[in-house]
Amino acid sequence: MLMRRQDDAVLRALTHQLNSLRRIATTACRPHDEAPGSTAAKPPVDGKAELLRRRNYGNPPLPISPLLVGDKPRANRKPKASREQQKPEDLTEFQQALALNPYALALASPVRHCTLTSAKLPKHFLLPFSTSLIPPSGSPSEKSKASLQSGHHSSLSDALPATSYVLNDASVIAHLSKKSHWRTLVTERMKQHFAPTVQKNAKTINVKDFWSWNADATQIRERLERDVLNAVMEATEYESGRLVSDGDVEAACVILPCDFRGFAGNVADFMGAGAMTHRLPGPPAGTTASDIPMSRRLDLEKAIGLLKHDLTTKVQLAFDRLAAHTT
């Protein structure tokens, strides 16, 4: 029995080696020694050259569509069908409830890498930072500079297409503002996009020579508060206040006026539904309500309830980001 098992093992090993030699011989005998997946031109027929895609393991080449002859990267890319967006009326009852759940949407946001802690978290729990270009003042000898600012590059003017992320916490911003800790937020992608501006190699760029820190704690907090006010305004003004209620109906959340107006708000009508309560952010020190255009447009005199809607979910997410930063 032992000898038979040894013979079977030797036979399997020989079979494996034989198959490996066959693959090597097939690859070596291919008509053209070119990289797999590459393209080559076939001899012209009737004055027209045909582009072919080389295939692996000696398989015969396949012709490429004439529409893709001038687009080689697209010709070598396998086509993938785009996924159709599901219509709201086709969602199940569970899917509809999940789409209006701010906690589920926060956890389902795209995962990003925290540059400071190396943790991978949903983007909802992170703060974005982008690089904005600072053009020279006019002196021929002066070099272009870059400024690291809070916000996504798509929302900033003259911003480079690269974003880094850190944990959304005021203590983290206080740490970055000390000394030169903020330089860790300048990623290699930022350097690669900035390198052509100064005509340098991205690997030789020193952050301290080109970048400056332009994102203090007050600026970041005001940005989060502005996001809250914008979301509340969009929800309360939607279709002449269709999302706003004074009570006696199921509300997703209750918005209270900010402290400086002195209104406590009557929220008894909403508490039966278990709605979350949020208080609007107050004005910065040394300012009044008339100094804030968005607060003046809201002009809340009492508590209001926002009905369950995707716009209300944006309000809840904005309040959650502000609370995570300040607590």
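The values are calculated or read from the model by the stated rules, or taken from the named source; none is laboratory data. For clarity, every value in this text was computed on a predicted model and none was experimentally measured. Virtual Cβ from ideal backbone geometry, glycine too; neighbours counted across all protein chains shown.
The C-beta contact set for the range 310-327 (first residue farther than 15 Å from Ala97 by Cα, second residue buried (at least 19 other Cβ atoms within 10 Å of the Cβ) and acidic (Asp, Glu), distance under 9 angstrom, 6+ apart or interchain) comprises Leu322/Glu225. Among the residues of the range 238-269, the ones that are surrounded by fewer than 15 Cβ atoms within 10 Å (Cβ to Cβ) and at pLDDT 65 or above come to 5 in all. When you scan the range 189-204, do you find a residue that is farther than 30 Å from Thr327 by Cα, surrounded by fewer than 18 Cβ atoms within 10 Å (Cβ to Cβ) and small (Gly, Ala, Ser), even just one? Yes, the conditions are met somewhere in the range 189-204. Among the residues making up the range 197-218, none is within 17 Å of His152 (Cα to Cα), touching a strand residue (DSSP E or B) at 6+ places or on another chain (Cβ under 6 Å) and in a helix (DSSP H, G or I).
Residue under question is Thr184, and the condition is that it be at pLDDT 85 or above and surrounded by fewer than 19 Cβ atoms within 10 Å (Cβ to Cβ); does it hold? Spelling it out, Thr184 is indeed at pLDDT 85 or above and surrounded by fewer than 19 Cβ atoms within 10 Å (Cβ to Cβ).
Taking the range 116-132 as the range and being aromatic (Phe, Trp, Tyr) and touching a Ser or Thr at 6+ places or on another chain (Cβ under 6 Å) as the test, only Phe129 passes.
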